[in-house]
Amino acid sequence: MRKIKDLTSLDTDENLVRLATYLESLPADYEDFDMRDFLEANGLDALLHYVEQNGSVQSCGTAACAVGHGPAAHMFMNAEERKLMREDDPSTAWFAYSDRVFDAPDSSPQFDWMFGGGWGNADNSVRGAAARIRYYLDHGAPDNFERVSMYSYQNYVNDYQEYIKS
């Protein structure tokens, strides 16, 4: 049973479905994906270019996690988040974006389940990320899934396998 349903609006559910659908549309062997980084760009200029173009950059030499692919799925950073990107640590902007767009604040079980960097060591794939989002929409984060050690994520890989689309 999804315990945190009351905290999630229909809009954020729709955004999560949009992100999962976008991730599933990418090739299974898609190389520009890495759960360990919001967006791995060649310097701040490349990062800002991606963010300020709202993900519409076709090939910018970056790799991104599920949250980092949000702008490419047409869920854009707002002006305040873009300002944070330019003036603060870029992670601050991504956490604000994730909270606003996906109702997944940093250090929350829903953030860690869908977007946690520990998945980079357990299932670093676009299909796995999309499956975890779809699992979350049906069940929420597993009851025993708290902010786990990045090495414990492997223990949860079987939980969402039925949601993986080929």
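General observations
- Filtered residue count, the range 115-128, keeping only those that are modelled with pLDDT under 95, part of a helix (DSSP H, G or I) and of a type outside the set (S, T, N, Q): 5
- Residue among ASP143, ASP89, ASP112, ASP106 that is surrounded by 21 or more Cβ atoms within 10 Å (Cβ to Cβ), more than 21 Å from LYS165 (Cα to Cα), modelled with pLDDT under 95 and not hydrophobic (A, V, I, L, M, F, W, C): ASP112
- Residue in the range 158-166 that is at pLDDT below 90, surrounded by 17 or more Cβ atoms within 10 Å (Cβ to Cβ), of a type in the set (Ser, Thr, Tyr) and closer than 19 Å to LEU26 by Cα present: no
- Given (1) over 21 Å from TYR50 (Cβ atoms); (2) part of a helix (DSSP H, G or I), index of the condition ARG100 fails: (1)
- Of the criteria (1) closer than 15 Å to ALA20 by Cβ; (2) surrounded by fewer than 24 Cβ atoms within 10 Å (Cβ to Cβ); (3) not polar (S, T, N, Q), which one ARG132 fails: (2)
The values are calculated or read from the model by the stated rules, or taken from the named source; none is laboratory data. These numbers were taken from a predicted model, which means no experiment stands behind them. No Cβ is skipped: glycine too gets one built from the backbone with ideal geometry, and neighbour counts run over all protein chains shown.
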